[in-house]
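Taking it in order: structure first as structure tokens, then the write-up.
The values are calculated or read from the model by the stated rules, or taken from the named source; none is laboratory data. What you see is a predicted model, and the numbers here were worked out from it, not measured in a lab. Neighbour counts are summed over all protein chains in view; Cβ atoms, including those assigned to glycine, are modelled from backbone coordinates with ideal geometry. To get the accessible areas, we keep the full protein, side chains included, count just its heavy atoms, and leave off ligands, DNA and RNA. Shrake-Rupley method; radii C 1.70, N 1.55, O 1.52, S 1.80 Å.
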Amino acid sequence: MSRDHAIAPPLDDTTHSATILAPPATRHRVARLTAIQLAVVGAGVLLVRLALDLGESSSTIGAAGRTASAAVAGSGDLLAKVLITVLVVVAVARGTGALALRIGQPRVVGEIVGGFLLGPTVLGALAPELAAWLIPADALPALDAFAQLGLILFIFLVGLELDTSLVRRQGHQAAVLSNVGMVVPFTFGVGIALVLHPTFGEGVAFAPFALFLGASMAITAFPVLAAILTERGLARKALGSLALTCAAVDDVTAWFLLAVVVALVRATSPADAAVSAALAVTFALVMIVAVRPLLQRVVSRFMPDERVTPGAMALVVVGLLASAWTTETIGIHAVFGAFLFGAVLPLRLPVADALHSRIGTLTSVLLLPAFFAVTGLRTDLWAVAGDPRAAWGAFALIMLAAVGGKLGAVSVTARMLGMSWRNSTALGVLMNTRGLTELVILGIGLQLGAIPQDLYGLLVVMALVTTAATAPLLALILPSTRSARRFARYQMPPRAIVPPDI
């Protein structure tokens, strides 16, 4: 019986009596006991405080003692600022994410909007003092560290859930669709860079500017796409399976493309770029050929009964961080190592689901909201190029390249491969989903100085619009996919639901 039709067993009298409110006499007794406890605790706190004040007034503190006390106080102030920042970020992200779910959007859309609300675009413009108090400048480095850690863990989960059997089942068709769906928008992105660079690229070399702009046009967000397919009941269908396969190929291609682009941007000379690219390829081959079989033996030893023990969890985290550190050190980004480690980790389905649940909960509730907050804090739409007409013109050009390149290329290619126009257009809409993966690319480009601040804001809005438009457009094209269910999370569904039901 499905979960939707499961009927809860009736409660017997004993169970019912255990769940109702206590009788009035018992409630009064509990209230009296609670009052006594509060009075005792309050009196104790007052007495301790009085003793501390008396002791402090009757003693003198040396210069070294005063310095140490000041350092401790400063540390306490910083901790308080970090705590209030994380509290605000998590509360706002969960609230806006919940609102997004209620209107049929993925949670990631609401959390991106929450980042905008906290940033200079909304709160910083309306109440700058309040914004500075809620998210102090001293706490931003800690918030950014939270964001980077959450990003590494999330990308590891993306790699962990990558099912290469999808590619083997529909490899040729998916490869054609994926390659066309990445090459065309990437080319469009490089093309519009010729127009946008004179206005938005001051102080930025053209090559990194164009490469990151092209990469941002070519991305498909596999996690958000999988959540949409699950919610719409398409994950087991032929169209959903093909979309997942194309997105999986896109994901692998995107991370390798990102590694190459980052290596080129960070390189100080062509020889340096060649060395970084060679090291990246070598690292990937070592992970696939040598590390994966080694991990197979380690997993068999430490997880023989398909349970994730604390020791096994520690091994996974150590391997993940080592892989991320390696790719960061050789000149590409840490997310590439995190993704590759997740992709080569040979876990059986129950273990992968358990690992996903443990890491995913912490990541989605605490760490990823920090990433969205940092995205919002970096985005100031009021300062885009200083000219509204230039901003709107650039945004229209970006949307034309992103939507026309991705949706148009995939739809036309799918039609040429024999799909109906309705299904071809639906597939193009699905592949136009960007979401969190797009924000990762944009954040790295901004961090490396390849994407200027004002253009970054426009690209973030493009990612938000294309992601938010996916579900409504899909319901318009395929009315049968309309569903009353909501997105539970923006992570991937378990691999068990992926095989198509044709």
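Listed conditions (1) at pLDDT 85 or above; (2) of a type in the set (Asp, Glu); (3) more than 30 Å from residue 260 (Cβ to Cβ) are all met by residue 305, apart from (1). If you scan segment 325-348, which residues turn out to be among the aliphatic types (A, V, I, L, M) and closer than 16 Å to residue 276 by Cβ? 330, 332, 334, 335, 340, listed by residue number. Among the residues examined, residue 298 does not qualify as more than 30 Å from residue 420 (Cβ to Cβ), of a type in the set (Val, Ile, Thr) and under 26 Å from the mean Cα position of the chain (by Cα). Of all residues in segment 190-218, those satisfying the criterion of being in a helix (DSSP H, G or I), of a type in the set (A, V, I, L, M) and surrounded by fewer than 19 Cβ atoms within 10 Å (Cβ to Cβ) are 194, 195, 207. Of 420, 364, all but one fail to be among the polar types (S, T, N, Q) and surrounded by fewer than 22 Cβ atoms within 10 Å (Cβ to Cβ); the exception is 420.
Please work out if residue 396 is touching a helix residue (DSSP H, G or I) at 6+ places or on another chain (Cβ under 6 Å) and under 23 Å from residue 428 (Cα atoms). Criteria not met by residue 396. Exactly one residue among 87, 134, 83 is crowded, with 18+ Cβ neighbours inside 10 Å, out of contact with any Leu (no Cβ under 7 Å at 6 or more places or on another chain) and among the hydrophobic types (A, V, I, L, M, F, W, C), and that residue is 134.
Among the residues of segment 395-402, is there at least one that is among the β-branched types (Val, Ile, Thr), open to solvent by less than 40 Å² (accessible area, probe 1.4 Å) and at pLDDT 80 or above? Checked segment 395-402: at least one residue is among the β-branched types (Val, Ile, Thr), open to solvent by less than 40 Å² (accessible area, probe 1.4 Å) and at pLDDT 80 or above. Does residue 331 satisfy the criteria of being at pLDDT below 85 and open to solvent by less than 60 Å² (accessible area, probe 1.4 Å)? Spelling it out, residue 331 is indeed at pLDDT below 85 and open to solvent by less than 60 Å² (accessible area, probe 1.4 Å). Taking the criterion of being free of Cβ contacts under 8 Å to residues at least 40 places away in the same chain and either within 23 Å of the chain's Cα centre (by Cα) or open to solvent by less than 70 Å² (accessible area, probe 1.4 Å) (or both), the residues of segment 273-285 that qualify are 273, 274, 277, 278.
Here is a yes/no grid of residues against (1) within 30 Å of residue 100 (Cβ to Cβ); (2) within 18 Å of the chain's Cα centre (by Cα):
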{"position": "197", "(1), (2)": "no, no"}
{"position": "201", "(1), (2)": "no, no"}
{"position": "212", "(1), (2)": "yes, no"}
{"position": "226", "(1), (2)": "yes, yes"}
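Right, residue 169: basic (Lys, Arg), surrounded by fewer than 19 Cβ atoms within 10 Å (Cβ to Cβ) and either at pLDDT 90 or above or touching an Asp or Glu at 6+ places or on another chain (Cβ under 7 Å) (or both) or not? Considered against the rule, which asks whether it is basic (Lys, Arg), surrounded by fewer than 19 Cβ atoms within 10 Å (Cβ to Cβ) and either at pLDDT 90 or above or touching an Asp or Glu at 6+ places or on another chain (Cβ under 7 Å) (or both), residue 169 comes out as no. Hey, can you tell me all the residues within segment 232-263 that are at pLDDT below 80, in a helix (DSSP H, G or I), farther than 16 Å from residue 437 by Cα and open to solvent by 10 Å² or more (accessible area, probe 1.4 Å)? Answer for segment 232-263, where residues must be at pLDDT below 80, in a helix (DSSP H, G or I), farther than 16 Å from residue 437 by Cα and open to solvent by 10 Å² or more (accessible area, probe 1.4 Å): just 238. Could you tell me whether any residue of segment 335-348 is in a helix (DSSP H, G or I), of a type in the set (Lys, Arg), closer than 25 Å to residue 358 by Cβ and open to solvent by 80 Å² or more (accessible area, probe 1.4 Å)? No, there is no match, as no residue in segment 335-348 is in a helix (DSSP H, G or I), of a type in the set (Lys, Arg), closer than 25 Å to residue 358 by Cβ and open to solvent by 80 Å² or more (accessible area, probe 1.4 Å).
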